[in-house]
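The values are calculated or read from the model by the stated rules, or taken from the named source; none is laboratory data. Keep in mind that what you see is a predicted model, and the values were worked out from it rather than measured. Cβ coordinates were reconstructed from backbone atoms using ideal geometry, including for glycine residues, and neighbour counts include every protein chain displayed. Note: accessible area is taken over every heavy atom of the protein model, side chains too, but ligands, DNA and RNA are not part of it. Shrake-Rupley method; radii C 1.70, N 1.55, O 1.52, S 1.80 Å.
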Amino acid sequence: MQNSPISKIILEGREFFVKRDDLIDPCLAGNKYRKLYTLLNTPNNTYNTIISYGGTQSNAMLALAAMCRKKKWKFIYYTKKLSATQKNEHEGNYAHALKLGMQHVEIENDYYKEFIASLRLHVNEKTVLVDQGGAVQEAKKGLEVLAQEIREQNTALHVTALATPSGTGTTALFLALALPEYRVYTTPCIGDSAYLKEQMNALAEIPSNLMILEPKQKYHFAKPYKELYEIYKSLHVKGVEFDLLYAPAMWQALLEQTNEKIMYIHSGGVSGNKSMLARYKKKGLI
Ligand SMILES: *Cc1c(COP(=O)(O)O)cnc(C)c1O
């Protein structure tokens, strides 16, 4: 794999660099590519099955489906019961993952938690359980590879700070640990800062160069908000498309709360935009 390229964009009069991890692959891009790096580089015959669980719009689900297709591994994905509308969607991550061969299993909502906890008992030497969102220790290596690319490419740019949005916080945490000489900004897109820190602490001790920016407004994850769409659009017209779930809140926090030269690590997720934009339209927000 070649290093992903760097783009420059000017936003509100400020210069930003963007590490284009979105360009790595249409389905297996962004931080999901980095987090699955270790598995991707494991010989095909080491495993035959990957199991995971979570939401049906998840970018991690699509990335796992694309990886398993490449590796010729079976992919079983567990979710709660789907609504009829979700089942009939013809585009978006869910439809796409099914086309890539994902075997989807719905679990009754009442038993879901218990069932997910029991999955761990079913792993064997040929089966790997990837926790929701790819929040696993194995993600560390892929982020060290990203860190090395950043070091090489930054010799010409001289940025001292990086930024990437957080769900589980796995990406931001391992990136900050791999690059102690940089400030790494992130912001919680799911839940608040306390919840984000809790999830990070489960993986490793949070280093002092990791800066968690507290959002000035509270947003519900994956709900359409006019102002988030406006940020998405103002970036899109500059030539880079970002995802609608995570990136807008990160950019908003950077514009409001920082002033140095920053390299934004594109976290991918653009494949989910089509169905998100349809929801914005349906709500009359665009
Ligand atoms: C999964 C995802 C994130 C969150 O990554 P974490 O490592 O869970 O914090 C951010 N942005 C996009 C586009 C994602 O798909």
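Would you mention how many residues in the stretch 118-144 are open to solvent by 70 Å² or more (accessible area, probe 1.4 Å) and more than 16 Å from the ligand (Cβ to nearest atom)?
The total comes to 6.
Which one of Ala147, Ala156, Ala176 is within 13 Å of the ligand (Cβ to nearest atom) and either at pLDDT 95 or above or over 23 Å from Met61 (Cα atoms) (or both)?
Just one listed residue meets the conditions, Ala176.
Would you point out the residue of the stretch 239-254, among those that are open to solvent by less than 20 Å² (accessible area, probe 1.4 Å) and either of a type in the set (Val, Ile, Thr) or touching a strand residue (DSSP E or B) at 6+ places or on another chain (Cβ under 8 Å) (or both), that is farthest from Ser166 (Cα to Cα)?
Per the stated criteria, the residue is Val240.
So that you can scan it fast, the table gives a plain yes or no per residue for (1) surrounded by 23 or more Cβ atoms within 10 Å (Cβ to Cβ); (2) of a type in the set (D, E, K, R); (3) on the phi > 0 side of the Ramachandran plot:
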site: Pro5; (1), (2), (3): no, no, no
site: Leu11; (1), (2), (3): no, no, no
site: Glu15; (1), (2), (3): no, yes, no
site: Arg20; (1), (2), (3): no, yes, no
site: Leu23; (1), (2), (3): no, no, no
site: Lys32; (1), (2), (3): yes, yes, no
site: Leu36; (1), (2), (3): yes, no, no
site: Asn41; (1), (2), (3): no, no, no
site: Thr49; (1), (2), (3): no, no, no
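Just one of the numbered conditions (1) open to solvent by less than 30 Å² (accessible area, probe 1.4 Å); (2) assigned by TED's automatic domain parsing to the domain that holds Lys99 is not true of Asn45; which one?
Result: Asn45 passes all but (1).
Got at least one residue in the stretch 255-272 being open to solvent by less than 60 Å² (accessible area, probe 1.4 Å), over 24 Å from Leu143 (Cα atoms) and touching a Phe, Trp or Tyr at 6+ places or on another chain (Cβ under 6 Å)?
Checking the stretch 255-272: not a single residue is open to solvent by less than 60 Å² (accessible area, probe 1.4 Å), over 24 Å from Leu143 (Cα atoms) and touching a Phe, Trp or Tyr at 6+ places or on another chain (Cβ under 6 Å).
Filter the helices (runs of 4 or more DSSP H) completely within the stretch 80-170 down to those with at least 2 residues that are under 20 Å from Asp22 (Cβ atoms), touching a helix residue (DSSP H, G or I) at 6+ places or on another chain (Cβ under 6 Å) and assigned by TED's automatic domain parsing to the domain that holds Asn201.
Helices (runs of 4 or more DSSP H) meeting the threshold: 139-153.
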